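What follows is calculated from the coordinates using simple rules that are stated; it is not laboratory data. Remember, predicted model here, so these are calculated numbers, not experimental data. All Cβ positions, even for glycine, are placed from backbone atoms using ideal geometry, and neighbour counts span all protein chains on display.
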């Protein structure tokens with residue numbers, strides 16, 4: 001019996017036997033395209049745009065920042081902290097998923113020469129370093145100080161003085177040695193992340209064990225986020241889901257004059273309110289939905305707050321034994337004044353400002369994949385990923401044209417990072433050549449990088 005591929009080639013050849021003049025059977029009958037493969041020693045990179053991101057890192061003094069703040073250890077490999085971390089930044093921006101992908105950076109001779117990188121640690125050496133740094137006090141705290149420096153530059157660039165803090169916990173599945181089972185029944189971790197909504201940057205993260213509830217120590221985490229704000233900048237607004245529906249959080253926001261919108265919980269008191277509220281009190285919301293605003297309080301709250309209740313028609317599942325009515329409710333606790341519809345709309349923006357950004361951190365920068373068996377080492381790696389994400393936000397804000405501002409890292413990778421480039425040295429001068437159609441964009445990005453470079457590093 002003939003091979004199926006042979007049969008296909010026979011059919012194609014037969015059909016083209018009577019083809020119009022101009023067709024060449026010489027080229028069509030071969031399963032390969034008519035070109036020859038050859039090697040070259042020229043310095044060619046598929047990551048020319050990543051080279052400009054590397055220049056951005058250099059302009060921001062990242063190496064100096066890392067080496068100055070991550071102290072108190074000795075490397076057996078004679079590498080400085082920056083020589084471990086910067087290649088990870090490049091790898092994550094380039095789309096690397098695992099530590100082993102650092103090899104793709106190590107073998108890009110043109111990129112390394114362009115950035116003045118003399119050597120890249122192996123993935124095993126980086127893993128050893130992560131485990132070591134995880135046990136050193138200056139590891140996470142040093143990385144946090146580096147992140148604060150970047151946050152300061154991002155908030156200054158925004159031109160604003162008041163900001164919105166969004167916090168959310170998110171599961172990372174990972175069957176690692178020290179990983180714990182989450183409330184979803186999977187082994188992994190439950191990091192909590194604080195975003196500045198106006199810039200998209202992560203101001204703080206806490207890498208938690210999987211068995212830690214999303215509502216644990218949330219007030220302490222909020223305070224840490226606020227404490228990391230630079231002088232002259234403050235948190236004025238706060239949003240979170242129902243895991244943060246806590247009296248201590250409400251009290252603290254009131255004491256610090258912070259407007260909040262926090263997802264509510266359907267407890268017995270709320271059920272009583274819904275049951276005893278006259279139908280005339282409900283206002284039309286969206287479509288067949290209704291909205292209600294009531295004053296509410298919880299045990300241990302210092303002052304009352306408003307509870308906005310949205311009622312939506314719902315078709316019960318025939319197999320849902322707990323279904324007792326045909327309505328579903330969404331609750332938002334707030335001290336914010338104004339139209340309740342506008343407040344709900346503002347609260348719902350949290351999906352874009354927090355949940356979608358966490359998705360980009362986890363999927364775009366591959367923080368779903370933790371490299372180590374120990375939780376402390378993975379906490380270091382996750383914070384490096386957070387800084388890589390923040391550098392991306394800062395890079396778009398400061399260096400990319402305005403119309404590129406809404407692009408995800410996947411799009412930037414496809415349209416900019418993964419551009420071919422050729423490095424040429426002539427008369428002692430390095431020339432970095434890109435396709436003519438890309439030149440103007442690259443030149444504009446470089447000009448913006450020079451303009452945004454700090455006066456003092």
> Expressed as an acute angle from 0 to 90° and rounded to the nearest 10, what is the orientation of the C-alpha long axis of helix 218-227 relative to the principal long axis of the chain?
Replying inline: 60
>> For a protection proxy built on the mean count of beta-carbon atoms within 10 angstrom, sort 429-436, 128-135 highest first, please.
In response: 128-135, 429-436
> Percent of alpha carbon pairs in the range 351-457 separated by more than 23 Å?
Replying inline: 45
>> Helix 81-94 against the longest principal axis of the chain: what's the angle in degrees, Cα atoms only, rounded to the nearest 10?
In response: 90
>> If you average the C-alpha positions of the range 332-355 and of the range 211-225 separately, how far apart do those two centres end up, in angstrom?
In response: 21
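Using Cα-Cα distances under 8 Å and only pairs 6 or more residues apart, what relative contact order does the chain have, in percent? Let's see the in-between values first.
Working: 681 pairs, mean separation 94.2, N = 457.
Result for the chain is 21 percent.
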> How far, in degrees from 0 to 90, does helix 48-59 lean away from the longest principal axis of the Cα atoms of the chain, to the nearest 10?
Replying inline: 60
> Which distance in Å, rounded to a whole number, links the C-alpha centroids of the range 366-395 and the range 430-456?
Replying inline: 27
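Cβ neighbours within 10 Å, averaged per peptide: list 225-235, 361-371 in order, most packed at the top. Each step should come with its number before you reach the end.
On the way: 225-235: 15.1, 361-371: 19.8.
With the highest mean Cβ count within 10 Å placed first, the list reads 361-371, 225-235.
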>> Tell me the Rg and the Dmax, in Å, that the Cα atoms of the range 261-335 produce.
In response: 13.3, 43
